[in-house]
Amino acid sequence: MLKWLIAIVTLATAAASPAAAGPALLFEVESGKVLYAEEADQSWHPASLTKMMTAYLVFEALKAGSLKLEDKLVCSQPAVEVSPSKIGLPLGGEITVDLALRALIVKSANDMAIMLGEKLAGTEAAFAVRMTETAKRLAMTRTNFANASGLPDARQVTSARDMALLSRAIIRDFPEHAALFSMPNMKIGNRRLGSHNGLLKTFEGADGMKTGFICDSGFNIVASATRDGRRLVAVVLGEPSADQRNVRAAALLQHGFETLGWKTYFSSDTLESMAVSQGATVEPANVRKLVTAWACGNRPVKVRKAKSTKKTSSKKSTKKKSSTKAATGTAATTP
């Protein structure tokens, strides 16, 4: 009981802090039961969380046999011209579907999203229509896609509930591809590319899934973790920085694991049955002014390291400063 109370206080503190800039949702994967929800139906820009739907459609094609991992993708002009993050193939360059999928999920490569969409639907625009149709089929009623990457577009909208539904569908329908979302890094040629999901290194049991960022949406994450055979997923949207996004997602997951017993016993709300959140608007929120990134026109928050208390006989400890890593480019969807 004490652990549960501590977890509740921890979550309440995180939710009430300035870091809690946007919607959040926590649920158990197996039952679909909602353990925590805040503004779950508020319209939001998904940023690179979009690539989870891109991956879902690729997984469907692989299962149907209309696409194979060894098939080649050819780099088109739109893929060459797209903003970072990207792999950066030259026009006409080729890459396998297998490597493109890894780069899509781990590196969050926008050019790979375009090339995969073109492979399946001819054009990215046609692929976006298919993405939206699939969203409706998965009961993602507040989601519309205009591109395969999540780059800024006023028409590209979703909600925390919808991203939760998508994450559960991926876990349920394509367990054979689960390892893609838990990869801490990947290699293309001589380059080693790391995941932007910091929880994979810091949170016990973390096993996926995807991050995203554009200035208007802030820092988003769908984070999965498994302990003692129970899997939880947290959706966090609109945090001011990548660090704050990770802190809030970790607090939600920890809260879930600490209270899972009585929450699942007493709670009747599921992702499908939960009432629409009060005050939710179809107009997507914009948190650009709250985002601490140079690319968004705001100064990143400086973080001072604590002074060392360790005594030395010969030298005094020196003060060091560190700053949060700024996002690169207003169109970037990588962190």
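Before we move on, is A61 more than 22 Å from R191 (Cβ to Cβ), of a type in the set (G, A, S) and in a loop (DSSP other than H, G, I, E, B)? Quick ask: steps written out before the conclusion?
Working: more than 22 Å from R191 (Cβ to Cβ): yes; of a type in the set (G, A, S): yes; in a loop (DSSP other than H, G, I, E, B): no.
Taking the combined requirement at face value, the residue does not satisfy it.
Identify all residues within the stretch 119-152 that are in contact (Cβ under 8 Å) with a residue 60 or more places away in the chain and not polar (S, T, N, Q); write none if there are none.
Those that are in contact (Cβ under 8 Å) with a residue 60 or more places away in the chain and not polar (S, T, N, Q): L120, F127, R130, M131, A135, A139, R142, F145, A148, G150, L151, P152.
Do any residues in the stretch 51-72 that are open to solvent by 50 Å² or more (accessible area, probe 1.4 Å) have Cβ atoms under 8 Å from those of residues that are outside any helix (DSSP H, G or I) and modelled with pLDDT of 95 or more, where the two are at least six apart or on different chains, and which pairs are they?
K63/F174; L69/T96; E70/T96; K72/E94; K72/I95; K72/T96
Of all residues in the stretch 25-50, count the ones that are small (G, A, S) and either within 16 Å of N110 (Cα to Cα) or open to solvent by 10 Å² or more (accessible area, probe 1.4 Å) (or both).
Let us first name the residues in the stretch 25-50 that are small (G, A, S), namely 31-32, 37, 40, 43, 47-48.
Narrowing the set further to residues that are either within 16 Å of N110 (Cα to Cα) or open to solvent by 10 Å² or more (accessible area, probe 1.4 Å) (or both) leaves 31, 37, 47-48.
The number of residues fulfilling the criteria is 4.
Given the conditions (1) open to solvent by less than 30 Å² (accessible area, probe 1.4 Å); (2) part of a helix (DSSP H, G or I), report the number of the one that A126 does not fulfil.
Going through the list (1) open to solvent by less than 30 Å² (accessible area, probe 1.4 Å); (2) part of a helix (DSSP H, G or I), A126 breaks only (1).
Do we find a residue being touching a His at 6+ places or on another chain (Cβ under 9 Å), open to solvent by 70 Å² or more (accessible area, probe 1.4 Å), farther than 24 Å from A139 by Cα and part of a loop (DSSP other than H, G, I, E, B) anywhere in the stretch 267-289? Quick ask: steps written out before the conclusion?
The first filter runs over the stretch 267-289 and keeps only residues touching a His at 6+ places or on another chain (Cβ under 9 Å), leaving 284-286.
Retained after the next criterion (residues that are open to solvent by 70 Å² or more (accessible area, probe 1.4 Å)): 286.
With the extra rule that they be farther than 24 Å from A139 by Cα, the set shrinks to 286.
Then keep just the ones that are part of a loop (DSSP other than H, G, I, E, B); that gives 286.
Within the stretch 267-289 (the criterion being touching a His at 6+ places or on another chain (Cβ under 9 Å), open to solvent by 70 Å² or more (accessible area, probe 1.4 Å), farther than 24 Å from A139 by Cα and part of a loop (DSSP other than H, G, I, E, B)), the answer is yes, since at least one residue qualifies.
Filter the stretch 108-123 for residues that are surrounded by 23 or more Cβ atoms within 10 Å (Cβ to Cβ) and either over 18 Å from the mean Cα position of the chain (by Cα) or part of a helix (DSSP H, G or I) (or both) and give the result. It would help to see each step written out before you state the result.
The first filter runs over the stretch 108-123 and keeps only residues surrounded by 23 or more Cβ atoms within 10 Å (Cβ to Cβ), leaving 108-117.
Listed by number, the residues that qualify are N110, D111, M112, A113, I114, M115, L116, G117.
Say whether the condition of being basic (K, R) and under 17 Å from A125 (Cα atoms) is met by at least one residue in the stretch 42-63. Break it down stepwise before answering.
Going residue by residue through the stretch 42-63, those that are basic (K, R) are 51, 63.
From what is left, the residues that are under 17 Å from A125 (Cα atoms) are 51.
Among the residues of the stretch 42-63, at least one is basic (K, R) and under 17 Å from A125 (Cα atoms), which makes the answer yes.
Give all pairs with beta carbons closer than 7 Å in which a residue from the stretch 252-279 that is farther than 11 Å from K33 by Cβ and of a type in the set (S, T, N, Q) meets a residue that is at pLDDT 95 or above and exposed (fewer than 11 other Cβ atoms within 10 Å of the Cβ); count only pairs at least 6 apart in sequence or on separate chains.
none
Might you let me know whether the stretch 10-24 holds any residue that is modelled with pLDDT of 95 or more and assigned to a helix (DSSP H, G or I)? Walk me through it before giving the result.
Going through the stretch 10-24, the residues modelled with pLDDT of 95 or more turn out to be 23-24.
Retained after the next criterion (residues that are assigned to a helix (DSSP H, G or I)): none.
Within the stretch 10-24, not a single residue is modelled with pLDDT of 95 or more and assigned to a helix (DSSP H, G or I).
Which residues, counting only those in the stretch 73-99, are open to solvent by 30 Å² or more (accessible area, probe 1.4 Å) and touching a strand residue (DSSP E or B) at 6+ places or on another chain (Cβ under 7 Å)?
From the stretch 73-99, those open to solvent by 30 Å² or more (accessible area, probe 1.4 Å) are 74, 77-78, 80-81, 83-84, 86, 88-92, 94, 96, 98-99; that's our starting set.
Those that are open to solvent by 30 Å² or more (accessible area, probe 1.4 Å) and touching a strand residue (DSSP E or B) at 6+ places or on another chain (Cβ under 7 Å): V74, L89, G92, E94, T96, L99.
The values are calculated or read from the model by the stated rules, or taken from the named source; none is laboratory data. Source: prediction; values computed, not measured. Backbone-built Cβ (ideal geometry, glycine too); neighbour counts: all protein chains shown. Side chains included, ligands, DNA and RNA excluded: accessible areas come from the protein's heavy atoms. Shrake-Rupley method; radii C 1.70, N 1.55, O 1.52, S 1.80 Å.
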